[in-house]
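Notes follow the structure.
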Amino acid sequence: MTPGTLSAQITDYANRADPYPLYAELRRTPVLREDDGTYLVSNYYDVRRLANDPRLSNDTRNRSSGRTQTAEASDTGLPPSFIFTDPPVHDRLRSTINRPFGPPHSPGFLDSLRGELSQVVTELLDGLEGKDQIDIVEDFAYPLPVTAICKVLGVPREDETRFHVWADALAASLDPQTGDEGREKGQQARRDLGAYLSDLIETKRRHPGPGILSALAPEMTPEDLESTAVLLLVAGHETTVNAITNTTLTLLRNPDVLDRFREDPALGVPLIEEVLRYEPPVQFVPWTTALVDIEVAGTTIPKGSPIWLMLAAANRDPVRFDDPDRFDPARADNEHLGFYTGIHYCFGAPLARIELHLAVPELFRRVSFSRLLEDPPPYRANAVLRGPRHLPVAIDGVTA
């Protein structure tokens, strides 16, 4: 990859705060071939079609070239998570995992968590009382999702703090710009987390308790269950942290919308969906591969070629969305790709939406915001799971 390529600019930290002009430039060439043979696809309808195309593989072992190597693709003693597999393996694993997680087998599981998660939101906001400035990430957006995913898995509350370093290292390893040191940290985190989960799963097997690990222990091999739990931790935590933080930042940058939201809490549903389009927590999917020669927009992508599906660029495609760079919660027909699409549609999307709809209205009901202390705020290094690393804001108080 040469420094002048668009993917190099997109993954360059200097452009993390606002990659959208680069995405607009990218859409001018709907299928862009990079110097190393990677293809970037950025238009909405092409991205959506490819994400639903069985000729695309999520298993990076099918690549004949390319630069994306993650902790998943290396020897960590665990099989790939189901997101990095193809049918029929993917379908078998995902359907098994879904039984205790959601409908039709367990339709009430996620709803049963609402009360506990609502209490966590209340406790976090209570903890802001007496402060005149806060960090939305550290004080609010991070603790809620990690508590939620630990409740889903059945991880003891006292072990939640151990997951922060592991989750950060694993998320960083998904970035295509991660070097050897970052990949090794991701691999080590996957090994360490796998060892922790192995002990926990064995305990759940002997003494079943709350959470899906107990329900899945008799249904899956220990290795598959460990791998799945690692994925759910990262996917169910990192993306929701970004979604809560991006929503907060977007509302503080759009005070007219914030005023409308405070007056009409029912605006919350379309507002959050618009944030998922406007500032998606997953910017692009860099691990798909062509299983055969595929023609896209007049370009033939050869078999074995890496393909990046540019979700954030597709979400602002003017062919699909009117005035796409405008944040508009009243937008009609908002079929965004914020949670992806197809068989790899975000497994944790229902849980993420519950968390967002519990957290965001209460945050803005109880906290009187004064101003952003940094705009743009400092962002995470990761270009794939893009979101602020910190979001410092001044506040005037917290109500009951």
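The values are calculated or read from the model by the stated rules, or taken from the named source; none is laboratory data. Bear in mind that the values here come from a model prediction, so they are computed numbers and not experimental data. Using ideal geometry, Cβ is built from the backbone for each residue, glycine included, and neighbour counts are taken over all protein chains shown. SASA here: full protein model, heavy atoms, side chains in, ligands and nucleic acids out. Shrake-Rupley method; radii C 1.70, N 1.55, O 1.52, S 1.80 Å.
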*With runs of 4+ DSSP H residues as the only contributors, calculate the mean residue ellipticity of the chain at 222 nm using -39,500 (n - 2.57) per run, divided by the residue total and rounded to the nearest 500.*
-13500 deg cm²/dmol
*May I ask for the Rg/Rh ratio of the chain, computed from Cα atoms with Rh as the Kirkwood radius, given to two decimals?*
0.95
_Exposure ranking of Asp168, Asp180, Asp35 by accessible area [1.4 Å probe, largest first]_ = Asp180, Asp35, Asp168
*Probe 1.4 Å, all protein chains in place: accessible area of Trp287 in Å², nearest 10?*
20 Å²
*Can you send over the carbon and sulfur percentage of the accessible area for the chain, probe radius 1.4 Å, protein chains only?*
51 percent
*Protection proxy ranking of 121-129, 19-27, 347-355 - average other beta-carbon atoms within 10 Å, highest first*: 347-355, 19-27, 121-129
*segment 351-400: C-alpha pair distances exceeding 14 Å, %*: 65 percent
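Accessible area per residue of the chain at 1.4 Å probe, in Å²?
About 40 Å² of surface per residue is accessible.
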*Alpha-carbon radius of gyration plus Dmax, which is the widest Cα pair, for segment 318-386 in Å*: 15.6, 43
*asked:* Order Val393, Val282 by their accessible area, 1.4 angstrom probe, all chains in place, largest first.
replied: Val282, Val393
*Let me know the Rg and Dmax you get for segment 194-253 when you use only its Cα atoms, in Å.*
15.7, 51
*Pop the C-beta distance of Glu129 and Ala266 into the FRET formula with R0 = 22 Å and round what comes out to the nearest 0.05.*
0.20
